[in-house]
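The values are calculated or read from the model by the stated rules, or taken from the named source; none is laboratory data. As the structure is a prediction and not an experimental result, all values here were calculated from the model. We place every Cβ from the backbone using ideal geometry, glycine too, and count neighbours over all the protein chains shown. Each accessible area value is taken on the protein alone, full model and side chains, heavy atoms only, with ligands, DNA and RNA left out. Shrake-Rupley method; radii C 1.70, N 1.55, O 1.52, S 1.80 Å.
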Amino acid sequence: MSNRTFTIVKPDSVRKGNFGKVISRVEAEGFKILGLKKASLSQKQAEGFYAVHRERPFFKDLVKYMTSGPVYVAALERDNAVAHLRKIMGATDPTKADAGTIRKDFGESIEQNAIHGSDSDENAKIEIAFFFAESELM
Ligand code: CMP
């Protein structure tokens with residue numbers, strides 16, 4: 001069944017000019033881009049988006065990194081969207097990610113790991129709604 005997920009092409013990817021390469025990997029896997037925006041996250045937005053991690057020791061640095069430069073946010077659609085995007089992204093830590101995954105090829109570190117993808121259908125809905133009105137998705 002076709003369903004949705006959400007991605008952020010993170011500041012390190014955008015800074016290095018890898019947005020096009022990252023999003024073309026996503027498109028090549030059959031994801032339809034329902035909505036796409038370039039955004040500079042405010043501290044409040046980054047803290048809100050990653051609120052589930054607020055007690056983690058890396059939270060402050062994560063917010064600093066996610067506000068360090070522009071990102072691209074996108075709502076995506078495909079069969080098995082959440083699991084498939086996570087498969088092609090690879091492990092959170094690029095050094096542990098499988099060969100050929102986005103994080104292995106473009107990530108710098110466990111923090112600066114090139115791309116975010118929703119971890120569940122429920123969070124995909126929440127994360128899409130964080131950045132897009134339903135009327136912006138087509
Ligand atoms: P993401 O999939 O966007 O979800 C949470 C983010 O926190 C993660 O990618 C990394 O950018 C970051 N992160 C996760 N674990 C760590 C860690 N142990 N140290 C630093 N950053 C982390």
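Points to keep in mind about this one:
- Packing-based ranking, highest mean first, of 19-30, 44-55, 63-74 given that Cβ atoms within 10 Å are counted: 63-74, 19-30, 44-55
- Added length on full extension, which subtracts the Cα-Cα distance from 0.36 nm per residue, Lys87 to Asp61: 6.8 nm
- Along each principal axis, Cα extent of region 1-125, largest first, Å: 36, 29, 24
- For region 2-136, relative contact order (Cα pairs under 8 Å, six or more residues apart, normalised by length) works out to 38 percent.
- Overall, the chain carries a charge dipole of about 360 debye about its Cα centre when +1 sits on the Cβ of Lys and Arg and -1 on the Cβ of Asp and Glu, all other atoms neutral.
- For the cross-link pairs Lys16/Lys125; Lys87/Lys125; Lys104/Lys125; Lys10/Lys37; Lys64/Lys87; Lys44/Lys87, the ones whose C-alpha atoms lie over 24 Å apart are Lys16/Lys125; Lys104/Lys125; Lys64/Lys87; Lys44/Lys87.
- Were the residues from Ser2 through Ala39 laid out at 0.36 nm apart, the gain over their Cα-Cα distance would be 10.7 nm.
- Residue-level accessible surface for Arg56, protein heavy atoms, 1.4 Å, Å²: 120 Å²
- Two-site FRET efficiency, Thr95 against Lys21, from Cβ-Cβ distance with R₀ of 25 Å, rounded to 0.05: 0.80
- Multiplying the residue separation of His53 and Glu111 by 0.36 nm and removing their Cα-Cα distance gives an extension gain of 19.6 nm.
- For the set Phe130, Phe106, the ranking by accessible area, highest first and with no ligand, DNA or RNA atoms included, is Phe130, Phe106 under a 1.4 Å probe.
- A viscosity of 1.567 mPa s and a temperature of 4 °C, combined with the Kirkwood radius over C-alpha pairs in the Stokes-Einstein formula, give region 26-88 a diffusion coefficient of 97 µm²/s.
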